[in-house]
Amino acid sequence: MNSSADWHDFATMIGGASGALTGLLFVSVSLNAGRIAGHAGLRASAGQTLTLFITPLLIATALLVPRQPDWVLGAELMATGLLGGLVLSANHRLKAGLADDDLRLISIFNRPAPNVITMALVMASGAVLAAGQEAGLYLLFPATVVGFVSGVLNAWYFLLPPPGGKPSRAMVALTRRRSDRQADSHANETQG
């Protein structure tokens, strides 16, 4: 069975949108290279946005491969979701280890939930399709919508950070926990 043929127009649309957004991201990062290069948090956020924009391009590429069996498409979608999830997870861990100034700068868009939702939907789509149910492809629609919206908001905030760079409550709590761990570690070192 070849259910991906019915999704040709969808794949063409998300592939084109993904390519355009990725190109715009490269242009905007190039125009702000000096500011972004000076902050590890902004570089990490650019990588996060790139992953969110490239994932629909990979989905579109897999959907447009002619005459491939559904189980192969399902495996490609699962691999895409898994790879994207691993990249975003590594990026999130990188952000958690940033200096306080960088954390404050990126705090407004350092939320893992949209990333997890996007990649989980892509993996679920592939798993359902590989199990022989064409309905799994319908999960690609919310996955790409969440990915595009999250990527655009992420790009907006890292290119135009809020005035004063006021951190979110979650980022304040994360920074406080990190400072407490460092203080505990320092106290243990001086006592030992």
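Every number here is computed from the coordinates shown, using simple stated rules; none is lab data. What you see is a predicted model; the values in this text were computed from it and never measured. Virtual Cβ from ideal backbone geometry, glycine too; neighbours counted across all protein chains shown.
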Would you mind calculating the gained length between Gln68 and Phe26 on full extension (0.36 nm times residue separation, minus the Cα-Cα distance), in nm to one decimal?
-> 11.9 nm
Calculate the spin-label point distance for Trp156 paired with Val116, positioning each point 7 Å from the Cα along the beta-carbon direction, and give it in nanometres.
-> 2.4 nm
So how much slack lies between Phe141 and His92, counting 0.36 nm per residue of separation and subtracting their Cα-Cα distance, in nm?
-> 15.2 nm
Report the label-to-label distance for His8 and Glu134 in nanometres (one decimal), using points 7 Å from each Cα along the Cα→Cβ vector.
-> 1.4 nm
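Express the C-alpha Rg of segment 3-167 as a ratio against the empirical globular expectation 2.2 N^0.38 Å, rounded to two decimals.
Details: Rg = 16.7 Å, N = 165, 2.2 N^0.38 = 15.3 Å.
My calculation over the Cα atoms of segment 3-167 gives 1.09.
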